[in-house]
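Undergrad: Quick one: the structure is below, questions incoming.
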Amino acid sequence: MKWNDYIHSDQSVFSGKPVIRGTRLSVEFLLGLLVEGWNEQRILENYPQISQEALQAVFAFAAECMRDELIFAVNE
């Protein structure tokens with residue numbers, strides 16, 4: 001999957017945080033819903049402006065960020 005077909009960043013939207021194209025739904029927000037216990041079906045039902053493919057792109061984007069070490073280890 002090419003996540004960049006669905007995810008983009010624009011400085012005029014949420015200070016450049018990555019969002020799903022054509023929406024103001026950030027990757028961070030959608031991942032946060034999953035943390036809160038939402039499943040894919042619930043997200044798609046509550047945000048019909050995004051497609052299943054766009055939601056999968058959120059996961060692909062997060063996976064690539066981790067692979068490229070664009071996140072930092074948290075010390076406990």
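The values are calculated or read from the model by the stated rules, or taken from the named source; none is laboratory data. Just so it is clear, the structure is predicted and the values come from calculations on it, not from any experiment. Cβ placement follows ideal geometry from the backbone for every residue including glycine, while neighbour counts extend to all protein chains displayed. Ligands, DNA and RNA are excluded from the accessible area calculation, which covers all protein heavy atoms including side chains. Shrake-Rupley method; radii C 1.70, N 1.55, O 1.52, S 1.80 Å.
Undergrad: State which residue is most open to solvent (accessible area, probe 1.4 Å) when the search covers only the range 22-32 and only residues that are more than 10 Å from the chain's Cα centre (by Cα) and not charged (D, E, K, R).
TA: Ranking the candidates gives Gly22 first.
Undergrad: I've got another one for you. Filter the range 1-60 down to the residues that are touching a residue at least 24 places away in the same chain (Cβ under 8 Å), among the aliphatic types (A, V, I, L, M) and assigned to a helix (DSSP H, G or I) and list them by number.
TA: Within the range 1-60, Val27, Leu30, Leu31, Ala54, Leu55, Ala57, Val58, Ala60 meet the criteria.
Undergrad: Another one. Looking at Glu64, Glu76, can you tell me which residue is at pLDDT below 90 and either open to solvent by less than 90 Å² (accessible area, probe 1.4 Å) or part of a helix (DSSP H, G or I) (or both)?
TA: Glu64
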